[in-house]
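Report on one structure; see the data block that follows.
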Amino acid sequence: MNDSVFDTIRDIDDLPTLPSVAMEVMSLSRKPDVSIKSISECIYQDPSLAAMVLKMANSAFYRRGSGAIDTLHRAILMIGLNEIINITTSVSILSIFPPGDGQDESVRRMFWNHCIATGLIARHIDKKLAMKSMGREFVGGLLHDIGKIVLDQYFHDEFEEARAFSIDVDCPMHEAEQEVLGTTHMEIGHFLAEKWNLPGYLADINLHHHHPSAAQFKDITSLISIADLLAKAREFSFGGDRMSFVLADQEAWHILKQMGYPVHFLDLERFTFEIESIGDEVKSYIGALSETDARESANE
Ligand SMILES: [Fe+2]
Ligand SMILES: [Fe+2]
């Protein structure tokens with residue numbers, strides 16, 4: 001394979017882009033004094049997105065108590081601003097890279113299962129270590145491998161070749177990508193995050209989640225790095241990468257330990273037991289998202 005995959009992708013004029021409302025919501029969420037009113041007004045600018053966010057807020061995954069959540073204002077009050085930002089990002093990203101969009105549907109589903117599992121596991125670790133990432137950990141998990149989907153979309157055969165290579169040679173997927181495509185999903189994901197003008201921590205997570213010591217946002221990138229490994233260990237793997245690992249040997253583990261986080265709370269055996277339910281949580285989240293999709297297209 002040639003070494004110009006990165007240049008080719010960089011030069012594609014019609015690379016998918018996040019809906020402008022989702023980008024605006026993300027940038028509003030960075031403001032310390034953001035109000036419920038400004039976030040809900042922003043989402044209402046895109047009525048179909050607003051409808052999908054409301055449907056998701058009413059799904060079994062989020063629904064708390066009785067009574068339908070019929071406005072975004074109420075949704076934010078009921079399930080929290082960070083969760084609404086998470087939903088907006090999830091719904092938007094799945095709308096531009098839908099499962100089964102011309103590619104093998106089960107492979108695309110595996111990809112999203114891995115990303116959602118990484119986000120949900122990151123949320124558990126965040127709580128456990130009191131990292132207070134404020135929802136950024138879920139979005140980070142959801143988007144950490146976004147470069148893979150672009151490689152799969154535009155260089156499908158070569159990406160499949162890299163997947164097969166990583167399994168045959170038993171090497172990490174990014175090494176197989178470098179070998180076959182001359183670039184990695186980290187480089188492509190970082191490029192995309194910058195092109196979409198996503199917050200700096202997301203560009204950083206994309207580029208450094210396999211080697212967080214080089215990251216600028218070391219804590220959240222290390223958090224995603226560990227969540228990514230645990231997602232794979234929980235069988236939510238995509239593209240080779242089913243390697244065994246020792247948590248305490250990981251770069252990310254040492255970084256978090258050095259930063260003073262109580263990583264001993266992540267005793268692997270106990271913690272994997274605690275996140276045993278993550279499979280059901282992922283299924284429930286995916287189920288809620290696809291129900292949102294189905295009802296949305298039924299309304300068209
Ligand atoms: Fe990755
Ligand atoms: Fe990953």
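Here is the list for the stretch 36-93: trypsin sites (Lys or Arg not before Pro) lying in DSSP coil, each with at most 10 other C-beta atoms within 10 angstrom of its C-beta, are Arg64. Mean sequence separation of contacting Cα pairs (under 8 Å, at least six apart), scaled by the length of the stretch 28-156, corresponds to a relative contact order of 19 percent.
Relative contact order, whole percent, for the stretch 17-96 stands at 37, derived from Cα pairs under 8 Å and 6 or more residues apart.
Would you calculate, for the chain, the mean residue ellipticity at 222 nm contributed by helices, counting each DSSP H stretch of 4 or more residues as -39,500 (n - 2.57) and dividing by all residues, to the nearest 500? Show your work: numbers first, answer last.
Details: 17 runs with 197 residues, N = 300.
After summing the helix terms and dividing by the residues of the chain, the value is -20000 deg cm²/dmol.
Residues in the stretch 203-211 carry Karplus couplings, in order, of 5, 5, 4, 4, 6, 10, 5, 8, 9 Hz; the curve used is 6.51 cos²θ - 1.76 cosθ + 1.60 with θ = phi - 60°, and Gly or Pro positions show x.
For the stretch 147-163, putting each phi into the Karplus relation 6.51 cos²θ - 1.76 cosθ + 1.60 with θ = phi - 60° gives couplings of x, 5, 5, 5, 4, 5, 6, 9, 10, 4, 5, 5, 5, 4, 4, 5, 4 Hz, in residue order, rounded to whole numbers and with x for Gly and Pro. Annotation: extensible slack from Gln216 through Ile167 equals 14.5 nm (criterion: 0.36 nm per residue apart, minus Cα-Cα distance). With a simple spin-label model that places each label point 7 Å from the Cα along the Cα-to-Cβ direction, the separation between Asp7 and Lys195 comes to 1.6 nm. Using Cβ point charges alone (K and R +1, D and E -1), the dipole size of the stretch 1-61 about the Cα centre works out to roughly 480 debye.
Rounded to 0.05, the FRET efficiency of the Val246 and Ser66 pair, given R0 = 41 Å and the Cβ-Cβ distance, is 0.30.
Here the extension length gained between Asp14 and Ser48 equals 10.0 nm, from 0.36 nm per residue of separation less the Cα-Cα distance. Using 30 Å as the Cα-Cα cut-off, could you pick out the over-long pairs in Lys195/Lys218; Lys132/Lys195; Lys128/Lys232; Lys55/Lys218; Lys148/Lys218; Lys55/Lys257? From Lys195/Lys218; Lys132/Lys195; Lys128/Lys232; Lys55/Lys218; Lys148/Lys218; Lys55/Lys257, over 30 Å: Lys55/Lys218; Lys55/Lys257.
In percent, how large is the relative contact order of the chain, given Cα pairs closer than 8 Å and 6 or more residues apart?
21 percent
Segment Ser106..His254, full-extension length gain: 49.7 nm, with 0.36 nm per residue of separation and the alpha-carbon distance subtracted. Each label point was placed 7 Å from the Cα along the Cα-to-Cβ direction; for Glu175 and Lys132 their separation is 3.9 nm. The convex hull defined by the C-alpha atoms of the stretch 17-96 has an orientation-averaged projected area of 4.8 nm².
Here, each number is a calculation from the coordinates, and none is a lab measurement. Keep in mind the model is a prediction, meaning the values are calculated, not measured. Glycine gets a Cβ as well: all are built from the backbone with ideal geometry, and neighbour counts include every protein chain shown.
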